[in-house]
Amino acid sequence: MAQAIAHLDFRPNHSARMLRAGHSKLIGLLLADITNPYSIEVLQGIEHVCRQEGYMLMVCNTDNQDELQDRYLSLLEAHRVDGIIVNTAGMAQKQVSNLKRLPCPLVLVDRINTSLGFDAIGLDNEAAVNEACEHLLTEAYDAILVVTESITIDPRKARVDAIRAFTKAHDNMPCDVIEIEKLSHSVLINSIEHFISTHPKRKKAIFTTNGVAMMSTAKALKQLDIRIGTQIGLISIDDPEWAQLFEGGITVMRQPTQLIGQTACERLLARVQGNNEAAQHIKLKAELVIRHSL
């Protein structure tokens, strides 16, 4: 037998063996945008757990396209993955509902609603916003302009709602909100100028809800020749690498992105191994990183 195996260069089929045992040892990851620094760090956290536990990771980048999302879900199902982690920012509610047809466990990243029966892992948005706003109060800022991408996405809406709630609880703090999803760069510039002119005697700050909005705002302030940290404050959720370099550094609420990925993968593997407790929304805390923009 050993001679025949050597002669035929036989190699055991690990996949077939695992499928016979009832597991593929494959985990699927559906990412909305692989170029997003948030997604990259979440991916790194998931990969770390997969390596430790002996799982292979199949990564599918949907590029925020509905057709690709459906196609990749079918592909992952065909490969009989043991479970799927879904970064659903930008996925319509109907598509999220369609995930229920899949036969394997799922965990959602950066999604708030657990009514579908899936675990959800993400940032504690309310706590992050409240800590950031308390810091603004400590620094005597008393007017806020919120710059955000579309608030049809759950986490962004949660952040904007929390900012509005905080400023409403502090009667003397006006709060303007602008969504930049479909606006031209010039409209953002005009909105910033209007915010500044409307509150001439107040100490003003801009609060951006993620790294994309922060980049757009930083560019607009640069074009307006408005000095961050002296003429206007800037604070954001997300901490891309460039934020510590721009104009002496931008104050941020840093998301624990790798930990989010690790926690999502650990939760998924627990489900794969038979954990049947009720779906949970696990909220992880952000870290306030103070730099020169406030």
> When region 232-263 is examined, which residues are found to be modelled with pLDDT of 95 or more, open to solvent by 60 Å² or more (accessible area, probe 1.4 Å) and not in a strand (DSSP E or B)?
Replying inline: Q258, L259
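Quick one: which residue in F166, F195 is buried (at least 16 other Cβ atoms within 10 Å of the Cβ), in a helix (DSSP H, G or I) and touching a Cys at 6+ places or on another chain (Cβ under 7 Å)?
Working: F195 fails: touching a Cys at 6+ places or on another chain (Cβ under 7 Å).
Only one candidate passes the filter, namely F166.
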> Within region 231-244, is there a residue that is over 21 Å from the mean Cα position of the chain (by Cα), of a type in the set (G, A, S) and over 24 Å from L136 (Cα atoms)?
Replying inline: no
> Are any residues in region 190-212 modelled with pLDDT under 95 and hydrophobic (A, V, I, L, M, F, W, C), and if so, which ones?
Replying inline: V212
> Restricting to region 93-136, what's the tally of residues that are open to solvent by 10 Å² or more (accessible area, probe 1.4 Å), over 17 Å from the mean Cα position of the chain (by Cα) and at pLDDT 95 or above?
Replying inline: 4
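Across region 111-138, what is the number of residues that are of a type in the set (D, E), in contact with a strand residue (DSSP E or B) (Cβ under 7 Å, 6 or more places away or on another chain) and more than 18 Å from H281 (Cα to Cα)?
Going through region 111-138, the residues of a type in the set (D, E) turn out to be 119, 124, 126, 131, 134.
Checking which are in contact with a strand residue (DSSP E or B) (Cβ under 7 Å, 6 or more places away or on another chain) leaves us with 119, 124, 131.
Filter once more, keeping what is more than 18 Å from H281 (Cα to Cα): 131.
Qualifying residue count for the region: 1.
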> Could you say whether any residue in region 61-75 is exposed (fewer than 15 other Cβ atoms within 10 Å of the Cβ) and of a type in the set (G, A, S)?
Replying inline: yes
>> Please go through region 169-189 and give me each residue that is in contact (Cβ under 8 Å) with a residue 24 or more places away in the chain, open to solvent by less than 60 Å² (accessible area, probe 1.4 Å) and not in a strand (DSSP E or B), ordered by number.
In response: M173, P174, I180, L188, I189
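Here is a yes/no grid of residues against (1) in a helix (DSSP H, G or I); (2) closer than 21 Å to R271 by Cβ:
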position	(1), (2)
G117	no, yes
G122	no, yes
E126	yes, no
N130	yes, no
L145	no, no
A158	yes, no
>> What's the number of the only condition in (1) touching an Asp or Glu at 6+ places or on another chain (Cβ under 6 Å); (2) over 30 Å from H281 (Cβ atoms) that N190 fails to meet?
In response: (1)
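The values are calculated or read from the model by the stated rules, or taken from the named source; none is laboratory data. For clarity, every value in this text was computed on a predicted model and none was experimentally measured. A quick note on method: Cβ atoms are made from the backbone with ideal geometry, for glycine too, and the neighbour counts reach across all protein chains shown. Just the protein is used for accessible areas: all its heavy atoms, side chains included, with ligands, DNA and RNA removed. Shrake-Rupley method; radii C 1.70, N 1.55, O 1.52, S 1.80 Å.
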